[in-house]
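Contents: one structure, followed by commentary.
The values are calculated or read from the model by the stated rules, or taken from the named source; none is laboratory data. What you are looking at is a predicted structure, and each value in this text was computed from that prediction instead of being measured. Cβ coordinates were reconstructed from backbone atoms using ideal geometry, including for glycine residues, and neighbour counts include every protein chain displayed. Just the protein is used for accessible areas: all its heavy atoms, side chains included, with ligands, DNA and RNA removed. Shrake-Rupley method; radii C 1.70, N 1.55, O 1.52, S 1.80 Å.
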Amino acid sequence: MKHIYLSLALHNHQPVGNFPSVFQQAYEMAYLPLVQLLETHPAIRLSLHYTGPLWDWLIDNHSDFLTRLASLRSRGQVELMTGGYYEPILPAIPDADKKGQISRMNTFIKERFSAHPTGLWLAERVWEPYLAKPLAEAGIEWTLVDDTHFKMVGLEEKELLGYYITEEQGYSLKIFPSLKRLRYFIPWREVSEVIALLKELADESGTKIAVMGDDGEKFGVWPQTFEHCWQKGWMESFFSALEENSQWLHLIPLGEFARQFPPAGRVYLPCASYDEMLEWALPAGKSYHFTNLKHRLEADGRQDVLDYLKGGFWRHFLVKYPEANWMHKRMLWAHQKVYRATAKKQMDATQPSFDCGQSELWQAQCNCPYWHGVFGGLYLADIRAANFRHLVKAEYQANQILHGAQPWLHWEMTDMDFDGHSEVMIETKNQALWFKPSHGGSLVEWDLRIPGYNLLSTLARRPEAYHLMMQEKLSGKGNDGNAAIKNIHDGLRQRTELPPVFSYDKYPRVSFIEHILPLDITLDDFTSGQYQEAETWASLAYEKDLKPDGQSLVINLKQEGQLYDKTALRLEKALKVTLDGNSLGGFEVTYTLTNTGTNHASGHFGSEWNFNLLGGGHNPQAYYRLGNGKTDCLDTTFQEDSIAEVYLGNRYLNIELGLNTNPPARLWWFPVETISNSEAGLEKTYQASCLLLLYPFSLQPGANLSLKLNWSACPTPLHI
């Protein structure tokens, strides 16, 4: 008789900062039903992985769930896998944090479940060859990746029914391939088809194993799967079928198989992730064409060609999305600060006993907002903001060791984002500001230390591969298939009504950006990006000069430009930061626009500011109010003339920003909304609120326009 082992490895995860209601929904629709079903099918054995954010939530909200898991583990039914506690992409974080996060997860599992995990769930199955060494050093014996990795080096599916040994500098690691065919069969195809596939893979040796590693959320949380898996009983039928075929189909946790059976061979795998991730990591146009090519080859049955096709590289997300790169490099910067503070604290016994920011740093390494595919990821403003919140808190805790309790002011220049140009960082005890003189002299980050918040965690509107696919579908050219229930990787869904034309940005949606605009421009022109600037100040490199005086620091920025008729203009802008007072933060801005040409110059001078205060979905906690008494939700669109005072805030965050402008300005206000993809489909997603202050000017040669802005940050007033 032919035999085969089957190992199911389910990964359960919720991002740091996700809404409690999302945790609860996933618990009710996927996590709890699985455990309940396992309790009634004692012959079903598998490997489970839960991430740290999910463990933390379960402890606070459903501690009995851990008791039930412990019972399943004690009777040998469940093997618990370890991983980076806050689910980081391991190649993207420093080695010390890799080992630290794995150690924290190991300690948790040992203390809660009296278990010593030997296997690791690799976040998003992002593999790079050198990982074998730090993983082995952390005590990891095995992990699993997708069969994509193995096929890239020439292995065929029949060779992927076992684990392989790899090594790095003499450190060895066992690696299991997870079969894509199984991942696409379970739970999307009929149970009988899954059993038939496993029977096809079985042989007389009795030493083969088929592995399916995937997200636990696909059993209830993904669209239509709760009804399919639980209400219509797919999972019950599947478990029953596994039991009925137990004479030849043997369920086994991965760690147990690794202990009992020898390896299938030695392997050295390339940098890779699962197949879909490699598509998403490509630039938008390349991703679109690559995906179409794969679909055509699949339709033609050309697996012989598909096995040699390779998509992108996970780290290219840091090129594709500059906002993700900035977050990543700020994480590395915070890492250095936290470890300097830790070293100083260890050397000085008089230092306070609080954490130096390591736990906050690790939470900021959660992978979700560093990339984007079929899951919202980077496009989810609250998830992005959560990572930054932990970064800001990590630095605040480290600064208490490095700088002490008294007010202080520090600045330095460094190429933070590794683009070959230096950024300027100005920080005090209560706030930090990061400028890019090389790109519009813009303000790219403004951190408030006390609430722990980056006000400029924004995202630009840019083309995506699925935009082209959706436009094809809407035009009737696309084909979504006719499957009754679909894998989220198959087809394209539309969750909300979409605009007929997608708007894209010409520059990053940061702040302290200047425009020279025609007098007849409209708000609609500006929001849609359908306008022509007299000078593209937002992308020019500015001359810079910093002037500290002990109590304050001024960054002076200057650039030359011209109008449509070549009339020369010079823009000088200065931002002054002083030692902290009673506010959470703030600064003064001075603009001087000078006509340095020989002709008369006229137009609109615009000062643009983009803030993310979590104002999407008409959040009633997120508001603006004007000096004239007008108030509404942040994600509204309006224009007002002669505005001297503007306030915007979020009661939940306990932050209110105040702006005073002299002279008063015409104010344009609108939400920056992307068309983004998620497992539920395409939808408009709030990223920021844009404030454009417009000042009409009419300047004779040699004349200038002078403006002053004053920004302040305070706790939300009690009466708001």
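Odds and ends about this structure:
- Wholly enclosed helices (runs of 4 or more DSSP H) of region 281-387 bearing at least 2 residues buried (at least 20 other Cβ atoms within 10 Å of the Cβ): 284-299, 317-320, 322-347, 358-363
- Exclusive hit being closer than 25 Å to A241 by Cβ and either part of a helix (DSSP H, G or I) or open to solvent by 10 Å² or more (accessible area, probe 1.4 Å) (or both), set G17, G76: G76
- Only residues that are surrounded by 22 or more Cβ atoms within 10 Å (Cβ to Cβ) and part of a loop (DSSP other than H, G, I, E, B) were counted in region 126-161, giving 3.
- Subset of region 238-258 [more than 36 Å from the chain's Cα centre (by Cα), of a type outside the set (D, E) and assigned to a helix (DSSP H, G or I)]: S240, A241, L242
- All positions within region 522-554 that are within 17 Å of R570 (Cβ to Cβ) and among the β-branched types (V, I, T): T536
- When restricted to residues that are among the charged types (D, E, K, R), in a helix (DSSP H, G or I) and surrounded by 22 or more Cβ atoms within 10 Å (Cβ to Cβ), region 82-123 contains 1.
- Matching residues, region 441-456, being of a type in the set (G, A, S), within 25 Å of the chain's Cα centre (by Cα) and buried (at least 20 other Cβ atoms within 10 Å of the Cβ): S442
- In the condition set (1) closer than 19 Å to F512 by Cβ; (2) open to solvent by less than 20 Å² (accessible area, probe 1.4 Å); (3) in contact (Cβ under 8 Å) with a residue 60 or more places away in the chain, V646 is compliant with all but (3).
Residues checked against (1) closer than 18 Å to K576 by Cβ; (2) in a strand (DSSP E or B); (3) of a type outside the set (S, T, N, Q); (4) open to solvent by less than 20 Å² (accessible area, probe 1.4 Å):
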position: F418; (1), (2), (3), (4): no, no, yes, no
position: V424; (1), (2), (3), (4): yes, yes, yes, yes
position: W434; (1), (2), (3), (4): yes, yes, yes, yes
position: T458; (1), (2), (3), (4): no, no, no, yes
position: H467; (1), (2), (3), (4): no, no, yes, yes
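- Screening the candidates L659, L682, L667 for the property of being within 15 Å of Y623 (Cα to Cα) and either open to solvent by less than 10 Å² (accessible area, probe 1.4 Å) or within 22 Å of the chain's Cα centre (by Cα) (or both) yields one hit, L659.
- T67 meets each of the listed conditions (1) under 26 Å from E679 (Cβ atoms); (2) without any contact (Cβ under 8 Å) to a residue 24 or more places away in the chain apart from (1).
- Selection over region 388-401 of residues that are in contact with a Gly (Cβ under 7 Å, 6 or more places away or on another chain) and either aliphatic (A, V, I, L, M) or open to solvent by less than 10 Å² (accessible area, probe 1.4 Å) (or both) gives a count of 4.
- Residue check, E256 surrounded by 15 or more Cβ atoms within 10 Å (Cβ to Cβ), charged (D, E, K, R) and either within 26 Å of G76 (Cβ to Cβ) or in contact with a Ser or Thr (Cβ under 8 Å, 6 or more places away or on another chain) (or both): yes
- Scanning region 2-40 for residues that are closer than 16 Å to L80 by Cα and among the β-branched types (V, I, T) turns up just one, V35.
- Filter pass, N582 being farther than 23 Å from E533 by Cβ and out of contact with any strand residue (DSSP E or B) (no Cβ under 7 Å at 6 or more places or on another chain): yes
- Check on S205, among the hydroxyl-bearing types (S, T, Y), at pLDDT 95 or above and open to solvent by 10 Å² or more (accessible area, probe 1.4 Å): no
- Looking across region 122-145, just one residue is touching a His at 6+ places or on another chain (Cβ under 9 Å) and of a type in the set (D, E, K, R), and that is R125.
- Unique match (being open to solvent by less than 30 Å² (accessible area, probe 1.4 Å) and free of Cβ contacts under 8 Å to residues at least 60 places away in the same chain) among F638, F605: F638
- Unmet criterion (only one of (1) open to solvent by 10 Å² or more (accessible area, probe 1.4 Å); (2) over 30 Å from Q101 (Cα atoms)) for T225: (1)
- Flag if T716 is closer than 26 Å to D580 by Cβ, open to solvent by 10 Å² or more (accessible area, probe 1.4 Å), touching a residue at least 12 places away in the same chain (Cβ under 8 Å) and not in a strand (DSSP E or B): yes
- In region 460-518, residue nearest to Y686 (Cα to Cα) [restricted to those that are aliphatic (A, V, I, L, M) and at pLDDT below 65]: L492
- Residue count for region 162-182 under the criterion of being over 16 Å from V126 (Cα atoms), under 29 Å from the mean Cα position of the chain (by Cα) and in contact (Cβ under 8 Å) with a residue 60 or more places away in the chain: the result is 0.
- Counting the residues of region 185-218 that are farther than 28 Å from I140 by Cα and outside any loop (DSSP other than H, G, I, E, B) gives 13.
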